[in-house]
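Structure first, commentary second.
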Amino acid sequence: MSTAAASIIAVVLVSVATLAVGAFGLRVSRTMSDFYVASRGVGPILNASAISGEYLSAASFLGAAGLILARGVDMLWLPVGWTAGYLVLLVFVAAPLRRSGAYTLPDFAQLRLESIHVRRVSSLLVVAIGLLYLIPQFQGAGLTLRTLTGAPLWVGQLAVAVVVCLNVLPGGMRSVTFIQAFHYWLKLVALLTPLFFFAGMWASSRMPSGSGAVDVADWVEPLQGDHALYLTYSLVLATFFGTMGLPHVVVRFYTNRDGRAARRTTLVVLVLLAAFYVLPVLYGVLGRMFAFDLVAEGRADTVVLELPSRVFEGAVGQGLTALVAAGAFAAFLSTSTGLVVSVAGVLSQDVLRRGTGPGLRGGIRAFRLATVLAVALAVALTFVSAGVPVARAVELAFAVAASTFCPMLLLGIWWRGLTARGVIAGLVVGGGLSMTAVVATTFGADWEGWFGVIIRQPAAVTVPMAFATMVLVSVLTRATVPKHVNLTMVRLHAPENLDLDRGTFHPDPSRAGSRSGEGATARRDNVTVRRG
Amino acid sequence: MSKEAPERVDDDPNVAMQNSAEFNELRTKFRKFVFPLTALFLAWYFLYVLLSVFAKEFMGTRLFGNITWGLTLGLLQFVTTFAITMYYARWADRVFDPAAEALAQKMGGHQ
């Protein structure tokens, strides 16, 4: 059996297993609330596995090792930031957001600012960030299948798109939780097993000598090159503050039972993520020894996939390659599934809902339509986008999230003076500037000097600008501070075990209007749907 | 819960509760713990980057083999992130939640 055949079998197995686990989850998915947030009834370990599974995307599985191979250990910052972002999210945002009862970021925006316009802008941004994050997943899938079997890029891209659709269409979030928990462990095993084999070889001193041409010493010193300080700070900011603005991450905190469970979950997530992120570093190191030619060929992203077959021959090499391929597909599938659920949730609530009739049935029909739409859009964008390295594309998605939703969430939760106009201005400035940088990078723009540096890592400039704009415009329009801000603040900050009426919130924009006085009433009539 | 529920205004008992001394104390408690903690951990991350740029010699010093201070401190960032989260979770379990619980008991009469 060839390596290609073994890899194809592994990828098919992962896809089938994913669908099977999804079908198991489907049996326990009953209501609209199940469909979106799994009824808040998921235990910390399962939930943490699911969060980690969803979070470890193509960028973590392929991209991180590729970057460390190509650019050295300063890229360690990417995984560190990805992990620490969860801490910031937990301490400042998770609990108040959970208490708010809003399912999505646009829900929160509308609830806090009592404005339908803020909701619309937020929805647009969720879709934009979601698509931006989906592109590298599909890219990674195309790359993987091409590396292993020689198939054209679109084969892998379409394969992932189809499996994601099949996953999401019937089950919604509950089945997704099971799928993603399963994927975390698969990814960990897929990267760990070859390392055990390497260690075994090392111990029996049968390790091949490798190309040996590379001086390992020149890359263990972190941060080299021009503007290293700015670029790294910018990356750190983007990852620390972008995590809370990723639509598929935030929604996960609703699936915890209470604040205590949410904290437990975060602890487990950090352990799982840190355990995982040591592995790409090791692959980067081993890649320096055995596969450094990939850098010159511009294929650093494939180091994880190619390393096993370069070191081991015969059945062992094939088997390990197939395992790694399976893990890579798990990475693409779980992250894209989570993203598609989030993007489709927003699309169906804010765009399609009105056309598909009322009630649970109409809601689910809109959700399914939105799923197909979101996947089709992402595939189309993947076809047209240039070959940006997988981890770079994800960095940019983080930068956009950090420049938009981070200031909205932090100021919204911790500052009473925020106004709807302030938020819109901030979202437009932060989102507009960071998106410009993304588009410029995607189309290969490369400017000299500081301007080019800022375009490469925009977060350190765009995040403070977004904050400043929101605060400044809010102060200027302070007469329009939301009418129910006091009530909303109680709802966000009163501890959960304080048994008071927090009011309720209706996610349907046609009913929860922004007109004065109606907001609170509309929010209140929905309690049974949410908690039922 | 019906649509006819009375309009909420700022003399709502919940809002009064928010302005009460106990509630403010609870929020102050939270801020006093969380804000310095955050400042501390951000400082530690940014210090690492500063060291990497301005103390290259030190960061490039080998501990053993190809393992340098830079690499070691970098991997330690994961450990500190976990330690800080652990510390926060323990604090929330032991200090903050009981205080919130006490307030809940006291406010129980409102509902």
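Quickly run through segment B:59-73 and pick out the residues that are of a type in the set (A, V, I, L, M), part of a strand (DSSP E or B) and more than 8 Å from every other protein chain (Cβ to nearest Cβ).
Residue satisfying the conditions is B:Leu63 alone.
Could you give me the residue pairs with C-beta distances under 6 Å whose first residue belongs to segment A:403-424 and is more than 21 Å from A:Arg98 (Cα to Cα), whose second residue is of a type in the set (D, E, K, R) and at pLDDT 90 or above wherever it lies, and which are 6+ apart or on separate chains?
From residues that are more than 21 Å from A:Arg98 (Cα to Cα), there are no pairs.
Give A:Asn486, A:Asn497 a once-over and let me know the one that is assigned to a helix (DSSP H, G or I) and at pLDDT below 85.
On inspection, the qualifying residue turns out to be A:Asn486.
Could you tell me whether segment A:81-92 includes any residue that is within 14 Å of chain B (Cβ to nearest Cβ) and within 25 Å of A:Thr382 (Cα to Cα)?
yes
Determine if segment A:25-43 includes at least one residue that is in a helix (DSSP H, G or I) and at pLDDT 75 or above.
No: segment A:25-43 contains no residue that is in a helix (DSSP H, G or I) and at pLDDT 75 or above.
Yes or no: segment A:433-443 includes at least one residue that is part of a helix (DSSP H, G or I) and touching a residue at least 60 places away in the same chain (Cβ under 8 Å).
Yes, segment A:433-443 contains at least one residue that is part of a helix (DSSP H, G or I) and touching a residue at least 60 places away in the same chain (Cβ under 8 Å).
Considering only residues that are assigned to a helix (DSSP H, G or I) and modelled with pLDDT under 80, look in segment A:255-272 and name the one that is nearest to the chain's Cα centre (by Cα).
Step by step, filter segment A:255-272, then rank; the result is A:Thr255.
Would you call A:Ser123 hydroxyl-bearing (Ser, Thr, Tyr), modelled with pLDDT of 90 or more and more than 28 Å from A:Phe329 (Cα to Cα)?
Yes, satisfied.
Kindly evaluate A:Leu46 against the criterion of being part of a helix (DSSP H, G or I), more than 16 Å from the chain's Cα centre (by Cα), at pLDDT below 85 and surrounded by fewer than 24 Cβ atoms within 10 Å (Cβ to Cβ).
yes
The rows are residues; the columns are (1) part of a helix (DSSP H, G or I); (2) under 26 Å from A:Ala275 (Cβ atoms); (3) facing chain A (nearest Cβ under 8 Å).
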residue: B:Glu25; (1), (2), (3): yes, no, no
residue: B:Leu37; (1), (2), (3): yes, yes, yes
residue: B:Phe46; (1), (2), (3): yes, yes, yes
residue: B:Leu50; (1), (2), (3): yes, no, yes
residue: B:Glu57; (1), (2), (3): yes, no, no
residue: B:Ile84; (1), (2), (3): yes, yes, yes
residue: B:Arg94; (1), (2), (3): yes, no, no
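With (1) buried (at least 24 other Cβ atoms within 10 Å of the Cβ); (2) modelled with pLDDT under 80 as the list, and A:Thr337 as the residue in question, which single condition is left unmet?
All conditions pass for A:Thr337, except number (2).
Tell me which residues, restricted to segment A:273-285, are surrounded by fewer than 22 Cβ atoms within 10 Å (Cβ to Cβ), within 30 Å of B:Asp97 (Cα to Cα) and within 18 Å of the chain's Cα centre (by Cα).
A:Ala274
Can you name every residue in segment A:94-111 that is within 16 Å of A:Gly245 (Cα to Cα) and not polar (S, T, N, Q)?
Result: A:Ala94, A:Ala95, A:Pro96, A:Leu97, A:Arg98, A:Ala102, A:Tyr103, A:Leu105, A:Pro106, A:Asp107, A:Phe108, A:Ala109.
Being surrounded by fewer than 24 Cβ atoms within 10 Å (Cβ to Cβ) and under 15 Å from the mean Cα position of the chain (by Cα) is true for just one of A:Leu131, A:Leu153. Which residue is that?
Selected residue: A:Leu131, the only one of A:Leu131, A:Leu153 that is surrounded by fewer than 24 Cβ atoms within 10 Å (Cβ to Cβ) and under 15 Å from the mean Cα position of the chain (by Cα).
Residue-wise test of (1) surrounded by fewer than 21 Cβ atoms within 10 Å (Cβ to Cβ); (2) without any contact (Cβ under 8 Å) to a residue 24 or more places away in the chain; (3) farther than 13 Å from A:Ala10 by Cβ.
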| position | (1), (2), (3) |
| --- | --- |
| A:Gly287 | no, no, yes |
| A:Phe292 | yes, no, yes |
| A:Arg299 | yes, no, yes |
| A:Val304 | no, no, yes |
| A:Phe312 | yes, no, yes |
| A:Gly319 | yes, no, no |
| A:Ala328 | no, no, no |
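A quick yes/no check of all residues on (1) closer than 17 Å to A:Gly242 by Cα; (2) among the basic types (Lys, Arg); (3) crowded, with 18+ Cβ neighbours inside 10 Å:
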{"position": "A:Arg365", "(1), (2), (3)": "no, yes, no"}
{"position": "A:Val375", "(1), (2), (3)": "no, no, yes"}
{"position": "A:Leu381", "(1), (2), (3)": "no, no, no"}
{"position": "A:Glu395", "(1), (2), (3)": "yes, no, yes"}
{"position": "A:Cys406", "(1), (2), (3)": "yes, no, yes"}
{"position": "A:Ile413", "(1), (2), (3)": "yes, no, yes"}
{"position": "A:Thr442", "(1), (2), (3)": "no, no, yes"}
{"position": "A:Trp447", "(1), (2), (3)": "no, no, no"}
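As an exercise: evaluate A:Arg146 against (1) under 25 Å from A:Leu279 (Cβ atoms); (2) within 17 Å of the chain's Cα centre (by Cα) and give the number of the one condition it does not meet.
Unmet for A:Arg146, out of (1) under 25 Å from A:Leu279 (Cβ atoms); (2) within 17 Å of the chain's Cα centre (by Cα): (2).
Scanning segment A:217-254 for residues that are within 30 Å of B:Arg90 (Cα to Cα) and modelled with pLDDT under 75, which turns out farthest from the other protein chains (Cβ to nearest Cβ)?
Step by step, filter segment A:217-254, then rank; the result is A:Val251.
The values are calculated or read from the model by the stated rules, or taken from the named source; none is laboratory data. Small disclaimer: the values here were computed from a predicted structure and weren't measured. All Cβ positions, glycine included, derive from the backbone under ideal geometry; neighbour counts span all protein chains shown.
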